[in-house]
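The block underneath contains the structure these notes are about, expressed in structure tokens.
Please treat every number below as a calculation from the coordinates, not as lab data. Everything quoted here is computed from the prediction, not taken from an experiment. All Cβ positions, glycine included, derive from the backbone under ideal geometry; neighbour counts span all protein chains shown.
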Amino acid sequence: MKRTIFFFLPLLVLILAACSGIAVKSAAAPANVSTNAGETGANPLDRADKQGAVTVTVTPTNLSSPGETLDFDVTLETHSVELSMDLGTLSTLKTDTGITVKATGWDGPKGGHHVEGKLSFPAIQDGKSILQDAKTLTITIQKVDAEARTFSWEITK
């Protein structure tokens, strides 16, 4: 009997130590997280914000060769919030040169718990590219189960 206890006791201690380490690590993770380049795993340009019950992921699609618009793929995922908002009215793009523009379009569906669409902003303001001389750009999306979500990218030339 003593041999069995001495065999299983260290094993039990090892299992409990491993489980408590996982719990501490999970508990230490912040509830509101915005990830940087590559942290979402799919694309190095992905940016994700996990505030509240909604995860929002934004990926630029044409920064290196914009047309009339700067376009971004947006994915919203949740299991508890109805995603019926119009991101076109809730989003702005700002550069480090001080230019701020409102979104000109959102083609995602209204409703559901998994929504994907394209968010567009004008690429030109007052006759010049909004990316001219810019080093960073930031998109802010208001009121999607959080007061504000921000997504930033460095622009390399």
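Contact map, the stretch 142-157: residues that are farther than 12 Å from Lys94 by Cα paired with residues that are surrounded by 14 or more Cβ atoms within 10 Å (Cβ to Cβ) and of a type in the set (Asp, Glu), Cβ distance under 6 Å, separation 6+ or inter-chain. Pairs shown: Arg149/Asp49. Counting only residues that are farther than 30 Å from Gln132 by Cβ and in contact with a strand residue (DSSP E or B) (Cβ under 8 Å, 6 or more places away or on another chain), the stretch 62-115 holds 8 of them.
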